[in-house]
Amino acid sequence: MNGELRDLYQEVIIDHGRRPRNFRRLAEPSCTAEGFNPLCGDELRVELKLADGLIEDIAFQGAGCAIAMASASLMTQAVKGHSPEQALALFARVHELLTEGPSTLEAPEQLGKLAVLAGVWEFPVRVKCATLAWHTLRSALQGGAAPVTTE
């Protein structure tokens with residue numbers, strides 16, 4: 001990744017980390033899940049409102065490092081308006097990006113703004129920070145009752 005692109009990606013992550021989108025509670029969520037990353041101390045709660053087979057609204061609360069907060073913020077923007085199946089498919093692609101690197105993905109440009117997370121895979125200790133929100137989303141969609149942990 002060239003320096004200018006890396007700088008842009010870092011700016012987006014910092015912006016979403018400082019001013020996360022959809023950082024709020026939902027009045028009547030259809031499903032929720034909690035996630036915890038004991039290594040970094042990140043704690044998130046993801047809430048979804050499902051209607052007509054789509055994620056009508058999604059929000060999160062919690063505290064965490066800039067990468068965890070940015071990933072959750074970007075995730076909420078990416079899955080809103082999509083079906084749970086589409087959200088789970090996106091989870092799989094983002095997980096591959098974060099754990100295997102951008103060179104393993106077919107058409108990584110299709111990830112849109114989520115591509116800013118590409119640099120995280122170079123820092124294995126931070127991958128759990130970036131994947132926490134996604135694992136928590138998956139748990140909420142699958143009806144998981146127990147909190148998600150990255151350990």
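Just add up the charged neighbours of I14: K/R +1, D/E -1, any other residue whose Cβ is under 15 Å from the Cβ of I14.
Within the 15 Å Cβ shell, the charges total +3.
Which of A70, A140, A51 ends up with the largest GNM mean-square fluctuation for the chain, with Cα atoms connected below 10 Å?
Maximum among the listed residues: A51.
Based only on other Cβ atoms within 10 Å, what is the fewest-to-most ordering of H16, H135, H82?
Details: H16 24, H135 21, H82 16.
In increasing order of surrounding Cβ atoms, one gets H82, H135, H16.
Mind listing the phi-derived Karplus ³J(HN,Hα) values for the range 117-134, rounded to whole Hz, using 6.51, -1.76 and 1.60 with θ = phi - 60°, and x for any glycine or proline?
So the J values, rounded to whole Hz, are 7, 4, x, 5, 4, 6, 10, x, 5, 8, 4, 5, 5, 6, 8, 4, 4, 5.
Which label marks the calculated value of Cα Rg over 2.2 N^0.38 Å, given the options (1) 0.97; (2) 1.08; (3) 1.25?
The value matching this structure is (1).
Within 10 Å of each candidate Cβ there may be at most 13 other Cβ atoms; applying that plus a DSSP loop requirement, which trypsin sites (Lys or Arg not before Pro) in the range 5-40 survive?
Those that pass, being in a loop and sparsely packed, are R24, R25.
Nearest 5 percent is fine: what portion of the DSSP beta bridges confined to the range 3-145 is antiparallel?
95 percent
Which one of L105, L132, L90 has the biggest mean-square fluctuation once the chain is modelled by GNM with Cα springs under 10 Å?
Greatest mean-square fluctuation among the candidates belongs to L105.
Most exposed first by the Cβ proxy, i.e. fewest other Cβ within 10 Å, how do S103, S73 rank?
S103, S73
GNM on the chain, C-alpha springs below 10 Å: top fluctuator among V94, V12, V125?
Checking each option, the largest mean-square fluctuation is seen for V125.
All of the numbers you see were taken from the coordinates with simple rules; none came from a lab. Remember, predicted model here, so these are calculated numbers, not experimental data. FYI the Cβ positions are ideal-geometry reconstructions off the backbone, even for glycines, and counts take in every protein chain you see.
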